[in-house]
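To keep things clear, I will list the structure first and then write my remarks on it.
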Amino acid sequence: MSIGIWQIALIVVVVLLLFGAGKLPRLMGDFAKGIKSFKAGIQDGEAPPPAANQQNASASAAPADESKAIEKEAATTAAESTSAKKDEAAKS
């Protein structure tokens, strides 16, 4: 019992009827992307990329950068409120 040409032709006709001729290229493209992603995932599992080490180093530096940004924002807000108080005093 091997698959003959008529069985393959019948499968192709059924697939075309289900998905339509317009969706079939997109479906095959998505299938190919999935296979490529799977292969890349297998290769990444064997040897970690060197970029992963750099990401870990930058992740530890991120909180310091965040605290500097918060301090700068607080200083800007304080300066704006002081300026607003001076404007109110000048109007009075």
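Couple of notes before you dig in:
- Residue satisfying condition, being surrounded by fewer than 10 Cβ atoms within 10 Å (Cβ to Cβ) and at pLDDT 85 or above, within set Gly22, Gly4, Gly45, Gly34: Gly4
- For Lys39, the requirement of being surrounded by 10 or more Cβ atoms within 10 Å (Cβ to Cβ) and modelled with pLDDT under 85 is not met.
The values are calculated or read from the model by the stated rules, or taken from the named source; none is laboratory data. Remember, it's a predicted structure, so these values are computed and weren't measured experimentally. Virtual Cβ from ideal backbone geometry, glycine too; neighbours counted across all protein chains shown.
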